[in-house]
Every structure is written in structure tokens, then in C-alpha cells.
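Visitor: Structure below; questions to follow.
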Amino acid sequence: MPTVETVTEFLGRIAPLGLAEDWDNVGLLVGRPSGQVQRVMTCLTVTPNVVAEALEGKVDLIVTHHPMPFHALKRLTPETPTGQMLLDLIGSQIAVYSAHTAFDSAANGINQRLARGLDLRGVFPLVFSEEGLGAGRIGWLEDPTPLGEVAESVKQFLHLDSIQVVGDSAHLIRSMAVACGAAGEFLEKARDAHCDAMLLGETSYHTYLEAEAYGIGLILPGHYASERFGMECLADVLIGEFSELDIWASRTEYDPVRTV
């Protein structure tokens with residue numbers, strides 16, 4: 001039976017932690033490297049219902065996208081949701097690993113998969129790093145395509161019923177930037193790269209206005225939708241490497257934002 005260290009070393013080869021942003025909290029965040037692993041669950045975020053699923057499923061290792069904990073804790077008590085979840089996980093000897101922005105930027109990570117889903121050509125990082133890869137992606141559509149049609153293709157790729165768009169739906173798009181999650185900080189990089197549009201999970205109202213002023217269309221499937229599919233793909237990758245283990249993407253996780 002493999003150990004936590006065996007699985008996390010494999011994850012480190014998929015998404016080298018050196019790719020993570022300086023502000024991020026990545027790697028093995030909870031648990032002992034020597035712990036034995038039989039059941040692994042991936043998720044976007046560790047939430048109370050995800051923890052309940054892990055406890056019920058007797059999970060040994062949670063591979064989460066968003067770090068848990070993310071910020072430093074001054075106390076570990078059940079008085080806060082984070083404290084209660086950590087106490088439950090530690091009490092059941094469930095390890096937690098996060099690659100977060102390292103997986104965003106990895107060669108076969110979330111942004112690369114988004115670019116592939118858009119069928120972009122000539123893809124390279126929007127922001128290069130010393131690791132040889134970098135954050136975000138930029139690429140070109142084979143033919144100029146109206147923003148509205150590109151948005152429809154994103155809906156199909158991510159299996160969505162609705163999507164948000166900033167800009168004229170008839171605006172022709174040839175070059176696109178891609179950055180999953182809350183990625184408004186990459187807008188100026190997209191402008192400097194002369195992108196016609198940008199796919200990102202979410203951003204602020206003022207970034208919408210800046211994008212309009214720059215003439216850059218925005219496609220916003222939501223933070224959850226822009227990243228959760230990547231954790232489902234990661235579960236499949238882990239199954240391919242560790243066929244002897246019981247591995248699945250959380251079945252109870254859901255997008256907290258609803259359209260009514």
C-alpha cells in the first residue's frame with residue numbers, strides 16, 4: 001500500500017510546487033508523510049460537506065485545489081468552521097494536500113486544459129516564470145469567432161447552463177488569454193499581449209469596466225466551474241497511476257452560487 005508521501009511525490013511531478021505563487025500555501029498541509037493510503041478524494045475546496053464525505057468514505061488523503069488551511073491560524077478550536085474541520089480531519093488521520101496555483105500553471109494543469117477545451121493554437125504562458133512555464137495561458141483560435149460563439153463553446157466544454165460575458169457578442173475574437181479562478185489581475189497582461197478576449201472564472205465589477213475600455217471581451221463561467229473540472233481530471237490521472245487505490249472526485253461538492 002502506498003504512503004501519503006508516495007502519492008504526493010507523484011502530484012509534485014505533475015504540478016511542481018515551484019510553480020506556485022509566492023503568496024500561496026501548497027504541499028502537504030495536514031498529516032504525516034508516512035501515513036498509509038487506500039482511499040483518495042479530490043475536491044476544489046475543503047468544506048464541511050466534503051469533510052463529512054471524507055469521514056463517511058474513510059478517506060486517507062484529500063487532494064484539494066484550494067489550500068486548507070490557507071492562512072496562518074492562531075488557534076485550533078471548534079469555534080470556527082476551519083478549526084472544526086481540521087480537528088475532524090486530524091482526529092480521523094486524514095491528510096490534506098494542495099497544489100493550487102502550481103496546478104493552475106502546470107504543463108497539464110487547469111489553464112492548459114482550459115486552453116485545450118477552447119481548441120487554442122500556439123499556446124504559451126501569459127506570464128512566464130523561472131520554472132520554465134508560468135501563470136495563465138494565451139493562444140489563438142483557428143478562425144476569428146464572435147465572442148458569443150466562443151462563450152457557447154465554453155458552456156459546452158464545462159457543461160454549463162449559463163455563463164457571464166462582458167463585451168459585444170458579435171465582437172470577433174482571434175487571440176485569447178486564459179486564467180482560471182479569480183484572475184482579474186491578469187487583465188493588463190492580456191491587454192499588453194493584444195488579446196481580443198479573456199476567459200477567467202470571476203473578477204470585480206471595476207475589472208469589467210476596464211476590460212470594456214480596453215476592448216477586451218470577458219467570458220466568466222464562475223470560479224467553481226473554471227476549476228472544479230480540473231480536479232475531476234486529476235482524479236482520473238491518479239486512478240491511472242494508482243490503480244490499486246480507491247480514488248474519486250468528491251460527489252457532494254457543489255457550486256455555492258446558484259442562478260434563480
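Visitor: Regarding Gly122, is this residue among the small types (Gly, Ala, Ser) and assigned to a strand (DSSP E or B)?
Guide: Yes: the conditions hold for Gly122.
Visitor: Scan segment 99-113 and tell me whether some residue there is in contact with a His (Cβ under 8 Å, 6 or more places away or on another chain), farther than 14 Å from Val7 by Cα and part of a strand (DSSP E or B).
Guide: no
Visitor: Could you list all residues from segment 180-231 that are in a helix (DSSP H, G or I), farther than 29 Å from Ile14 by Cβ and open to solvent by less than 50 Å² (accessible area, probe 1.4 Å)?
Guide: Correct list: Thr207, Ala211.
Visitor: Please go through segment 103-124 and give me each residue that is open to solvent by 10 Å² or more (accessible area, probe 1.4 Å) and either over 17 Å from the mean Cα position of the chain (by Cα) or not hydrophobic (A, V, I, L, M, F, W, C) (or both), ordered by number.
Guide: Asp104, Asn108, Gln112, Arg113, Arg116, Gly117, Asp119, Leu120, Arg121, Gly122, Val123, Phe124
Visitor: Test each condition in (1) among the aliphatic types (A, V, I, L, M); (2) within 18 Å of His223 (Cα to Cα); (3) touching a residue at least 24 places away in the same chain (Cβ under 8 Å) for Met198 and report the one that comes out false.
Guide: All conditions pass for Met198, except number (3).
The rows are residues; the columns are (1) open to solvent by 60 Å² or more (accessible area, probe 1.4 Å); (2) within 15 Å of Glu227 (Cβ to Cβ); (3) not charged (D, E, K, R).
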{"site": "Arg13", "(1), (2), (3)": "yes, no, no"}
{"site": "Ile62", "(1), (2), (3)": "no, no, yes"}
{"site": "Thr82", "(1), (2), (3)": "no, no, yes"}
{"site": "Gln93", "(1), (2), (3)": "yes, no, yes"}
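Visitor: Pick out the one residue from Leu238, Leu220, Leu234, Leu245 that is over 11 Å from the mean Cα position of the chain (by Cα), within 22 Å of Ala182 (Cα to Cα) and among the aliphatic types (A, V, I, L, M).
Guide: After applying the criteria, what remains is Leu220.
Visitor: Of all helices (runs of 4 or more DSSP H) completely enclosed by segment 1-95, which ones contain at least 3 residues that are of a type in the set (Val, Ile, Thr)?
Guide: Per the criteria, 4-14.
Visitor: Of all residues in segment 154-179 being in contact with a Pro (Cβ under 8 Å, 6 or more places away or on another chain) and within 22 Å of Ala106 (Cβ to Cβ), which is most open to solvent (accessible area, probe 1.4 Å)?
Guide: Leu158
The values are calculated or read from the model by the stated rules, or taken from the named source; none is laboratory data. Everything numeric in this text was worked out from a predicted model, so none of it was measured. Here Cβ is always computed from backbone atoms with ideal geometry, including for glycine, and neighbour counts include all displayed protein chains. Just the protein is used for accessible areas: all its heavy atoms, side chains included, with ligands, DNA and RNA removed. Shrake-Rupley method; radii C 1.70, N 1.55, O 1.52, S 1.80 Å.
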